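The values are calculated or read from the model by the stated rules, or taken from the named source; none is laboratory data. Since the structure is predicted, the reported quantities are computational estimates derived from the model, not experimental observations. Quick reminder, even Gly has a Cβ in these numbers, built from the backbone with ideal geometry, and neighbours come from all protein chains shown. Keep in mind that these areas ignore ligands, DNA and RNA; they rest on the heavy atoms of the full protein, side chains included. Shrake-Rupley method; radii C 1.70, N 1.55, O 1.52, S 1.80 Å.
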There are 2 protein chains.
Amino acid sequence: MPLFKFAISKKDRDSGARLGRLETAHGGVDTPVFMAVGTQGTVKGMTPRQLSDCGVGMVLGNTYHLMLRPGSERIAQLGGLHRFMAWDGPILTDSGGFQVFSLADLTKRDDRGVTFRSHIDGDLIRLDPERSMKVQRDLGSDVVMAFDDCTPYPADHAATRASMALTHRWADHSLNYFQGGHQSLFGIVQGGMYADLRDASVRELCAKPFAGFAVGGLSVGEPKELMYPILRHTAPQLPEDKPRYLMGVGTPADLVNAVSAGIDMFDCVMPTRNARNGYAFTSEGPVSIKQAAHKDSDLPLDPNCDCYTCTRFTRAYLNHIYRAGEILASVLMTLHNLSFYQNLMANMRRAIAADRFPAFKEQILQVYGARDILDYTLPDNATIEAHARNVEDHPSCG
Amino acid sequence: MPLFKFAISKKDRDSGARLGRLETAHGGVDTPVFMAVGTQGTVKGMTPRQLSDCGVGMVLGNTYHLMLRPGSERIAQLGGLHRFMAWDGPILTDSGGFQVFSLADLTKRDDRGVTFRSHIDGDLIRLDPERSMKVQRDLGSDVVMAFDDCTPYPADHAATRASMALTHRWADHSLNYFQGGHQSLFGIVQGGMYADLRDASVRELCAKPFAGFAVGGLSVGEPKELMYPILRHTAPQLPEDKPRYLMGVGTPADLVNAVSAGIDMFDCVMPTRNARNGYAFTSEGPVSIKQAAHKDSDLPLDPNCDCYTCTRFTRAYLNHIYRAGEILASVLMTLHNLSFYQNLMANMRRAIAADRFPAFKEQILQVYGARDILDYTLPDNATIEAHARNVEDHPSCG
């Protein structure tokens, strides 16, 4: 019997936002939740203790990376991913499909799965629903993602439909090969930027016995003008009583907008990757620590943050160690960004609880100079296809 | 009035080892003490909290690096090095002399000081006793080192004597420009590998009002056959009631050998640098974590270590994140190596207190396959000069 439970404790009266609790065999998290990305079995630069100190409650691991190195069977023999990376909270693993398209040298894609060359050593590797379920079982994650076909952007309607059909077939295969135990399986809705296809994907997938549902194929290079309206169109159609997960998103503005559309779970490399590149998210907007303006600043990165970095170090210090190429710059910036994201989620949950979510969302959108998801309307399919044709040489699923 | 105090609480009956306590305006440490090297205002990869968790009590900062970037006046304006790097324990700063010879493009060396080009931007910079004292005053370290001329290896007797004379002159200049306050000034004994010159340097410097004395010019590329006997010859001549500091040394075997010769203080990049290169010091000897043999090992790095790394992570995990190029590999390996060094010092202090230091020293020497400092005898000057002539193209002061 899976120990997985999900319960909504409150729905926002003014938006689609939901307050909830996700329970797994490795403990629970309040939703909406932001998962830190631990691609290769580590959230880059963070010890598990530091993750907890930042307020991180749930971590994402990457099936693709871990199956290539160190290998999922090795991790299984060492007691599973939780023990391997010394993280005893909940873990979600993706299916590997997204990375095959974005990182690997894809050599063949057929009805049953994909064949690709490893980006590490060039080995020829097969990944399909059966293998993805096996690898995620080896890893022992609490939430397993179905193996899907990530539709690239741009893609015309016909190609998007064909890709979606593959995702639906693989959803069935994933359900067949998934064995349960302490794990739960989520389905992934595709359909690109096309409302009719998203509707079809929701109809098809939500009838199946998944424990939760993800919106896939967004944040793959498309403009907000397409992402926001298709998200707002899709998210509310997902089952009310199951967690809704928006994969690979996003900025603070994306998070409040997506929560207002009814999303419960997020993951994104943005707080961690930007940290290593010297970019901080703060209550006053983005800060680029490498700028010379910070050289003499005795201000903290964020005056409204109580994280380890902000309570101990000045911008001048962070500027210095960043410019000096010190590892500690990555560490301290990551500590802050993860804390900021966790605080953002906690503040959203408090705002929903106190019936002031719209005002909170408005404040975040203002600070980050972003527009409200409600301001966008969905273009018709012909307009989207025309838009897609104008995108040249865009990296797909990036 | 400086708050600096040093007291010896016990002398080992079987060796020159001493148990003591060093007090500064920023707290005290038990001696023998190993200082972690925080070159650019950070012990690479470690937060101050992690340093404390490893048992680190005192940190070394590099005058040369910090004067070039971010600049000592900037650090002074930001409240000094302690506040800048958020380390509230004792800090010792070196004089900058060693790095000028090892890192910078030295363009001129005269009786008053040195002129060099920065290794960062090629700027022409002057460093002399006055400037070194000023920079270290800006940094606000608790222990300030006199500006010295680090004699390279190899060097013949005449060149070593000339270099030593410069060090003695600069020792007077350093004393002249040193202002006191909460800071204390240490002198540096030079004299290369020549016993008569070391004797002369001790006679000359130990008559001056320094708060402590360092043995400089060792671990600059010379073989143990020269370093050990000249250390054993020099250390016991330093004043009994003042701290004795062996600069830039060394391996675990070096530390027990030097403590047995009467040294109280150490610094070295070895635990931190080796950690980043995948080399661990353990109670069972050195471990190279990148070796394939560790890929499936569920053992900790060191079964006898209670550090964060060893109590939570397997060798298999450390091997994986090292090979994957993850920052966390540097962090976890550094955490262990610093903990190992601090435990080594704590165990030495316990052994001295319990009158079992020689046995403890013997055990460390066995584990690390090293010889006892007592097994070495000092060659005569002619032999040393001959030895030096046979060293070709050796990097000096490396």
Just grab the label-to-label distance for A:ARG21 and B:ASP241, each label 7 Å out from Cα along the Cβ direction, in nm (one decimal). 6.8 nm
Using a 1.4 Å probe on heavy atoms of the protein chains only, the accessible area for B:CYS305 in Å², nearest 10, reads 20 Å²
Set the Förster radius R0 to 35 Å, insert the Cβ-Cβ distance between B:ARG389 and B:THR107 as r into 1/(1 + (r/R0)^6), and round the FRET efficiency to 0.05. 0.80
Sum of side-chain charges, A:LEU374 neighbourhood, beta-carbon under 15 Å (Lys, Arg +1; Asp, Glu -1): -3
Roughly to the nearest percent, how much of the accessible area of region B:275-373 is carbon and sulfur, given a 1.4 Å probe? 45 percent
Packing-wise, with mean Cβ within 10 Å as the measure, how do B:289-298, B:189-198 rank, highest first? B:189-198, B:289-298
Can you work out the Karplus-derived ³J(HN,Hα) for every residue in region A:32-44? Use 6.51 cos²θ - 1.76 cosθ + 1.60 with θ = phi - 60°, whole Hz, and x for glycine or proline. x, 10, 10, 8, 6, 8, x, 3, 9, x, 7, 6, 3
What nm distances, shortest first, do you get from the label point of A:ARG21 to those in the other copies when the point sits 7 angstrom along Cα to Cβ? 5.1
Just read off the accessible area of A:ASP105 with the full protein assembly in place, 1.4 Å probe, to the nearest 10 Å². 90 Å²
Lysine pairs in chain A with alpha-carbon atoms under 22 Å apart, 8 or more places apart or on different chains: how many are there? 11
Quick one: label points 7 angstrom along Cα→Cβ at B:ARG69, distances to the other copies in nm, smallest first? 2.8
Can you compute 3J(HN,Hα) from phi for each residue in region B:160-174, using the Karplus curve 6.51 cos²θ - 1.76 cosθ + 1.60 with θ = phi - 60°, rounded to whole Hz and x for Gly and Pro? 5, 5, 5, 4, 4, 4, 4, 4, 5, 5, 5, 4, 5, 4, 4
Quick one: compute the contact order of region B:275-373, relative version, from alpha carbon pairs under 8 angstrom and 6+ residues apart, as a percent. 27 percent
Run the quick spin-label model on B:ALA346 and B:ALA162: label points 7 Å from Cα toward the beta carbon, then report their separation in nm to one decimal. 4.9 nm
Chains B and A, summed buried accessible surface - 1.4 Å probe, Å², nearest 100: 3500 Å²
How crowded by other chains is B:245-251, given as the mean number of beta carbons from other chains within 10 Å of each beta carbon? 0
In sequence order, calculated HN-Hα J values of region B:56-68 (Karplus, 6.51, -1.76, 1.60; Hz; x Gly/Pro): 5, x, 9, 10, 9, x, 9, 4, 4, 5, 6, 6, 6
Report the gain in length on full extension from A:SER118 to A:ASP375: 0.36 nm times residue separation, minus Cα-Cα distance, nm rounded to one decimal. 88.3 nm
Just order A:140-149, A:215-224 by mean Cβ neighbour count inside 10 Å, highest at the front, would you? A:140-149, A:215-224
Heavy atoms of A:GLU240 accessible to a 1.4 Å probe, total area in Å² rounded to 10: 100 Å²
For Cα pairs less than 8 Å apart in space and 6+ apart in sequence, what is the mean separation divided by the residue count of chain A, i.e. the relative contact order in percent? 19 percent
Ranking request for peptides A:361-374, A:341-354: highest mean number of other beta-carbon atoms within 10 Å first, then the rest in descending order. A:341-354, A:361-374
For the protein assembly as shown, dividing by residue count, accessible area per residue (probe 1.4 Å) in Å² works out to 36 Å²
Antiparallel bridges, percent of DSSP beta bridges restricted to region A:181-326 (to nearest 5): 35 percent
Radius 12 Å from Cβ of A:ALA280, net charge of other residues (Lys, Arg +1; Asp, Glu -1): +1
Quick one: if the Förster radius is 56 Å, what FRET efficiency do A:ALA382 and B:LYS5 give, using the C-beta to C-beta distance and rounding to 0.05? 0.10
Rounded to the nearest 5, what is the percent of antiparallel bridges among the DSSP beta bridges in the protein assembly as shown? 50 percent
Among DSSP beta bridges lying fully in chain A, give the percent that are antiparallel, nearest 5. 50 percent
On the formula 1/(1 + (r/R0)^6), with r taken between the Cβ atoms of A:ALA354 and A:LEU299 and R0 of 35 Å, the FRET efficiency rounded to 0.05 is 0.70
Counting only other chains, what is the mean number of Cβ atoms within 10 angstrom of the Cβ of each residue in peptide B:319-327? 6
Which residue fluctuates the most in chain A, going by a Gaussian network model with Cα springs under 10 Å, if the choices are A:GLY262, A:GLY187, A:GLY122? A:GLY122
Counting only other residues whose beta carbon sits under 13 Å from that of A:PHE360, what net charge do I get with K and R as +1, D and E as -1? -1
